[in-house]
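Q: Here you go, one structure.
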Amino acid sequence: MGGVTLCRCELVTDEDIKAAIDRWNVHSMNEVKLITRAGKGACQGRCCFSLVRALVAYVLGVDPGTLLPPRVRLPVRPVPVVLFGRPGTTTGDTISMIAPLQDSSRERRT
Amino acid sequence: MNSLRNHEVVVIGGGVMGCTAAYFLACEGRDVALVERAAQVGTEASGRNAGGIRQNKRHPAELPMAMASVKLWQFFRDELRGPFEYEQNGNIALATSEEEVRALEAEAVRLQGQGLDVRHVRGADLKELCPNLSDTVLAANYCPTDGFANPILAIRFIAQCARERGVTIYLETQVTGLAMRGGRITAVQTNQGEVATEAVVNTTGPWANEIAAMVGGRLPFVPRPTQLAVTLPMPPVLRQWISGDMVYVRPTQAGNLLVGGGGPRDPMGFARENTHSRIHRFAVNGARIFPPLKRTSMVRAWAGILAISPDGLAIIDRMPGVENMVFATGCSGTGFCTGPGTGKTLAEMIQGRVPTIPIDGLRLSRFPADLDFEAAYQRQSQPEP
């Protein structure tokens, strides 16, 4: 596949993203992430988010500022499985304090 | 946004079952509306699960539904050319104690008797099949036609097929009431307006009682969250879906490992949260059955809501007291896999036909009418220590 690589973790190009928007009727940054994998890699979108959002906004013909970022998932940065295997590394049990802020049922197209 | 008009059939809930039911109804020439409250289809359990498509370990009552659903998944992949990463790489249910080995042996015989190709494997055969399994794994039941798909793409693909067949999909449309006359639903009321209709399908999973309550009913299941986590991609170490020791692990096409697994005593509710104790169990038990996990990192965790029935099997039936409404819920974590078969069954029931897939063991009537499952479930559930 050709194009310019935007997400370097998952090797997703601008062509991949344009094709996904066209093929799957995509309207949000979260859908772009779920379908193309852009932002699903080691950096979780920290490197590519602005580039991907600019492209998505251009293709959809909307202001980039109206596009919500994709859902943030714990543990935010990759954590070695062996570390999670150690007991008692957090004080409370519930660790997803960010995800509920972006409930999918409240997700809106524009 | 489509403005609402009247439809012959209204399907409530845009998950895998609702989309499939809508698709098969449209194939029979019915004018169908699919009503989904979120901005896209498949935003709840249908898009949050691990994508398992499994016949292995199935209860006798639901094995026919699982086997029929595999055929339908193949139909969507092969006949309709669905690009949803469906791979039949096999499912390995493993045993780590002699007691579990004996149970698996008996189960293999039982499943084979029901017509499923499942093999009891151990020793060198097992090592050859899945070289990176832990040496603590004593034996396994292997079903070669099982596998997994990408649920996010799968649900969108089925919705697209439904749309091409003429189904109207109303997104961001929440059902607020059902108008009844003489034991029949005459219209579905939503936040976007009213749809007069002849028949209704309730495929709202763990929210099915919100819809049931609109006709004075209550179905015996509880909502319960379940968690999943995914690792960074790594070189190929696993082909199949493996499960045992209260966890499952499966590869993705991108090379990540997906780890999950719920517990029968997990607390009920709608909290889509991740907990340290559960990710800790994924790490410890996951690495116990599959040591390569120790070489990678968890990169994301998420959660979704299941509908848990009293016996862990789906409930598929006509809604009591309502002539023209059918429902399916209570899949207890297997709804993605069995979604196509269940959707087809619901479509056949709406068409007034006897379902082609046997559902005798999945009817509502197997439970006593006065069963208070929620209270019973709350008594026996408890958080992890």
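We did not get these values from a lab; they are worked out from the coordinates using the rules stated. Keep in mind the model is a prediction, meaning the values are calculated, not measured. Cβ atoms come from the backbone with ideal geometry, glycine included; neighbour counts cover every protein chain shown.
Q: How large are Rg and Dmax for the range B:222-306 when calculated on the C-alpha trace, in angstrom?
A: In Å, with Rg to one decimal and Dmax whole: 12.6, 40.
Q: Moving on to the next point. How much of the DSSP bridge set in chain B is antiparallel, in percent, rounded to the nearest 5?
A: Given both bridge residues lie in chain B, the antiparallel proportion sits at roughly 75 percent.
Q: ³J(HN,Hα) across the range A:9-25 via Karplus (A = 6.51, B = -1.76, C = 1.60, θ = phi - 60°), whole Hz, x for Gly/Pro?
A: So the Karplus estimates, Gly and Pro as x, are 5, 10, 6, 9, 9, 4, 5, 4, 6, 4, 5, 5, 4, 6, 6, 10, 6 Hz.
Q: Would you please give the FRET efficiency between residue B:109 and residue B:79, computed as 1/(1 + (r/R0)^6) with r the Cβ-Cβ distance and R0 = 41 Å, to the nearest 0.05?
A: 0.75
Q: Contour minus end-to-end for residue B:98 and residue B:164, with contour as 0.36 nm per residue of separation and end-to-end as the Cα-Cα distance?
A: 18.5 nm
Q: Let me ask something additional. Counting only Cα atoms, I'd like the Rg/Rh figure for the range B:311-357, Kirkwood definition for Rh.
A: My calculation puts Rg/Rh at 0.97.
Q: Over what distance in Å are the Cα centres of the range B:134-151 and the range B:259-302 separated?
A: Between the Cα centres of the range B:134-151 and the range B:259-302 lies a distance of 18 Å.
Q: Specify the angular offset, from 0 to 90 degrees and rounded to the nearest 10, of the alpha carbon long axis of helix B:98-113 from the longest principal axis of the alpha carbons in chain B.
A: For B:98-113 against chain B, the angle is about 50 degrees.
Q: For the range B:293-323, list residues with backbone N below 15 Å from a point placed 7 Å from the Cα of residue B:59 toward its Cβ?
A: Under cut-off, by backbone N: B:307-317.
Q: Now a separate question. May I have the extent of the alpha carbons of chain B along their three principal axes, as whole Å values ordered from largest to smallest?
A: Its Cα atoms span 64, 46, 41 Å along the three principal axes.
Q: Are there GluC sites (Glu not before Pro) in the range A:1-65 that DSSP marks as loop and that have at most 10 other Cβ atoms within 10 Å, and which are they?
A: Sites meeting the loop and neighbour criteria: none at all.
Q: Just counting partner chain Cβ atoms within 10 Å, what average do the residues of peptide A:32-45 show around their Cβ?
A: Counting other chains' Cβ atoms within 10 Å and averaging over A:32-45 gives 3.
Q: Also, quick follow-up: Could you list the residues of the range B:45-83 with an amide nitrogen less than 20 Å from a label point located 7 Å from the Cα of residue B:210 in the Cα-to-C-beta direction?
A: B:45-49
Q: If you split all Cα-Cα distances of the range B:91-144 into 5 Å bins from zero, what percentages do you get per bin, shortest first?
A: Taking every Cα pair in the range B:91-144, the percentages come to 5, 22, 33, 23, 13, 4, 0.
Q: Please compute P(r) over all alpha-carbon pairs of the range B:1-57, binned at 10 Å starting from zero, and give each bin as a whole-number percent.
A: Spelled out bin by bin, the range B:1-57 gives 21, 44, 26, 8, 1 percent.
Q: Rounded to the nearest 0.05, what FRET efficiency do residue B:370 and residue B:265 have when you use their Cβ-Cβ distance and R0 = 25 Å?
A: The value I calculate is 0.55.
Q: Continuing with the same structure: What ratio of Cα Rg to 2.2 N^0.38 Å holds for the range B:108-240?
A: Expressed relative to 2.2 N^0.38 Å, the Cα Rg reads 1.63.
Q: Within 10 Å of each candidate Cβ there may be at most 16 other Cβ atoms; applying that plus a DSSP loop requirement, which GluC sites (Glu not before Pro) in the range B:321-385 survive?
A: Answer by residue number: B:323.
Q: Normalized C-alpha radius of gyration of the range B:275-365, against 2.2 N^0.38 Å?
A: Normalised Rg, Cα atoms only: 1.54.
Q: Tell me, what is the FRET efficiency for residue A:66 and residue B:351 to the nearest 0.05, using R0 = 60 angstrom and their Cβ-Cβ distance as r?
A: 0.85
Q: On to the next question. Over the protein assembly as shown, what is the percentage of antiparallel beta bridges among all DSSP beta bridges, to the nearest 5?
A: If we restrict to bridges inside the protein assembly as shown, about 75 percent are antiparallel.
Q: Restricting attention to the range B:190-279, which trypsin sites (Lys or Arg not before Pro) occupy a DSSP loop and are surrounded by at most 15 other Cβ atoms within 10 Å?
A: Sparse-neighbourhood loop trypsin sites (Lys or Arg not before Pro): B:218, B:265.
Q: From the phi angles alone, apply the Karplus equation (6.51, -1.76, 1.60; θ = phi - 60°) to the range B:233-243 and give each ³J(HN,Hα) in whole Hz, x where the residue is Gly or Pro.
A: Couplings: x, 9, x, x, 10, 8, 9, 9, 8, 10, 9 Hz.
Q: Quick one: which of B:127/B:294; A:40/B:57; A:40/B:344 span more than 24 angstrom between C-alpha atoms?
A: Over 24 Å Cα-Cα: A:40/B:57; A:40/B:344.
Q: Hey, what's the per residue convex hull volume over the C-alpha atoms of the protein assembly as shown, in cubic angstrom?
A: Dividing the Cα hull volume of the protein assembly as shown by its residue count gives 147 Å³.
Q: Turning to a different aspect of this structure: What distance in nm lies between label points placed 7 Å from Cα along the C-beta direction at residue B:179 and residue B:28?
A: Once both label points are built, they end up 2.5 nm from each other.
Q: Measure out, as a whole number of angstrom, how far apart the alpha-carbon centroids of the range A:1-36 and the range A:42-90 sit.
A: If you average the Cα positions of each part, the centres end up 14 Å apart.
Q: Sticking with this structure for a sec: State the volume of the convex hull built on the alpha-carbon positions of the range B:171-266, expressed per residue in Å³ and rounded to an integer.
A: In the range B:171-266, the Cα convex hull volume per residue is 165 Å³.
Q: Using a basic spin-label model with each label point 7 Å from the Cα along Cα→Cβ, how many nm lie between residue B:119 and residue B:363?
A: 3.9
Q: Something else about it: Can you give the average number of partner chain beta-carbon atoms within 10 Å of each beta-carbon in peptide B:299-310, as a whole number?
A: 3
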